[in-house]
Structure formats: structure tokens, C-alpha cells
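> Sharing a structure with you now.
Please treat every number below as a calculation from the coordinates, not as lab data. Fair warning: this is a prediction, and the values are worked out from it, not measured in the lab. FYI the Cβ positions are ideal-geometry reconstructions off the backbone, even for glycines, and counts take in every protein chain you see.
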Amino acid sequence: MSDRLAVLASGRGSNLQAILDAIADGRLAARVVLVLSDRADAYALTRASLAGVPTAVVPRKGFATRDEHDAAIADRLQQSGADWVVLAGYMRLLSSAFVARFRDCIVNIHPALLPSFPGTHAQADALAYGVKVSGCTVHLVDEGMDSGPILAQRAVPVLPDDTEASLAARILAEEHRLYPEVLGWLAAGRVRRDGRVTRIG
């Protein structure tokens, strides 16, 4: 069973908290072995410390290139012994070299029903397009922007009076339920790769 998670986060870490709560409640048979951020002021680091989880900060400043920054992060993740790299509001696009180093072991959650509305403005894009349903997607990470194999999705209605903030809040509530559930599948060995096809069983 692969049960060691390293979480990358750049901000407040609400999805990290959902993961930590699911572990504490016995809903997720895994443990977070490291929370790493590119920002020293990320509240995710505080959440990790309160839960007794080791933390690290690797700021972008001080590295000449993105590849060098990502290599330093990858070294810390490898030292942690993590089986899965979990992106929880990590706001940097990972380099191809990083993805290759952890091939099929990086997981992300995105606030849209991929392949629709990739990128950092998913909720605004969904409202601008006029969709009636949005949601969130858990997927494996590849070299593209939110383009990796989809593991699971959860839909929410888009209401006539929705703003970007109200839609984001409704989606986030589903993220908090879906992400720990899918990480449980990973820890239990239920996700298998067959070429580009992802099988869950």
C-alpha cells in the first residue's frame, strides 16, 4: 500500500486541511510526510505544523531557472520518502523534468470539469461561457496545463446569480470531499495505468 503523501501548497491550504482531517478521522489510510511551499507565508505551513507534519520552504527567489527550483523541490520530496506528490493549491506549473522524475505519481485537483476550463481562472471562465454545470476534477499531472489523465470528477450546479466567489465556494466544498476519497484509492492501490488509460478498480 502506498500511503505516504507529500503536499505542495502555495496558499491557505484548505484542501490540505481536508486531507489532514480525513486522515485524523480514519477516512484516509495515509499519512502526510511533508508539506512544502514556495512561499514562507503560506498558511498551509501553519496547518501542517499544527498537525505535527514536517514542513519546508523552497522559494523561487535564489534560483536562476524554474528547472533549478523544481530540482531542489524534487530533492526534498525524494528525501521525504513520499509515494505520491499531492498538489493542493500549488500555483506554479511544474517543469517537464520534475514531472518525468515523479511520472504517474503527481496528483492535482482543479476547480472545473476538465478538459473544459484549464488554467488559473476556471470559475471565471465557466461563468463567462455560460455553462449550467461546473465542478472539480482530480487528475494525474503530465507536462501540460491540467491535461493529465482524469481520476474522478464531482459536479455542482451553476446558479443564475452566481459570482466567481460563490461558484468557487461551492466547488471548493466538493473538492474537500473528493480529494481525500481519491487519495484513498491511490493508497489502496486501486488506480492502475495501462499506457495512457487510467483504470480504477
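> Rounded to the nearest 20 debye, what is the charge dipole size of the chain about its Cα centre when +1 sits on each Lys and Arg Cβ and -1 on each Asp and Glu Cβ? Intermediate values should be presented prior to the final figure.
Numbers: 22 positive and 22 negative charges, 75 e Å.
So the dipole magnitude of the chain works out to roughly 360 debye.
> Among bridges DSSP assigns within the chain, what percent are antiparallel (round to 5)?
If we restrict to bridges inside the chain, about 50 percent are antiparallel.
> In a GNM of the chain with a 10 Å cut-off on Cα contacts, which of 107, 57, 141 has the highest mean-square fluctuation?
57
> Tell me, 132, 61 in order of fewest to most beta-carbon neighbours within 10 Å?
Details: 132 9, 61 6.
Listed from fewest to most nearby Cβ atoms, that is 61, 132.
> Along the charge dipole of the stretch 31-99, Cβ charges K/R +1 and D/E -1, which of 87, 50, 74 sits furthest on the positive end?
Ranked along the dipole, the leading option is 50.
> Summing -39500 (n - 2.57) over the DSSP H runs of n ≥ 4 in the chain and dividing by its residue number, what mean residue ellipticity at 222 nm do you reach, to the nearest 500 deg cm²/dmol?
Details: 6 runs with 72 residues, N = 201.
Mean residue ellipticity at 222 nm (helix-derived): -11000 deg cm²/dmol.
> List, in order, the whole-Hz ³J(HN,Hα) value for each residue of the stretch 173-187 obtained from phi through the Karplus relation with A = 6.51, B = -1.76, C = 1.60 and θ = phi - 60°; use x for Gly and Pro.
After applying 6.51 cos²θ - 1.76 cosθ + 1.60, I find 4, 6, 4, 5, 8, 6, 4, x, 4, 5, 4, x, 4, 5, 4 Hz.
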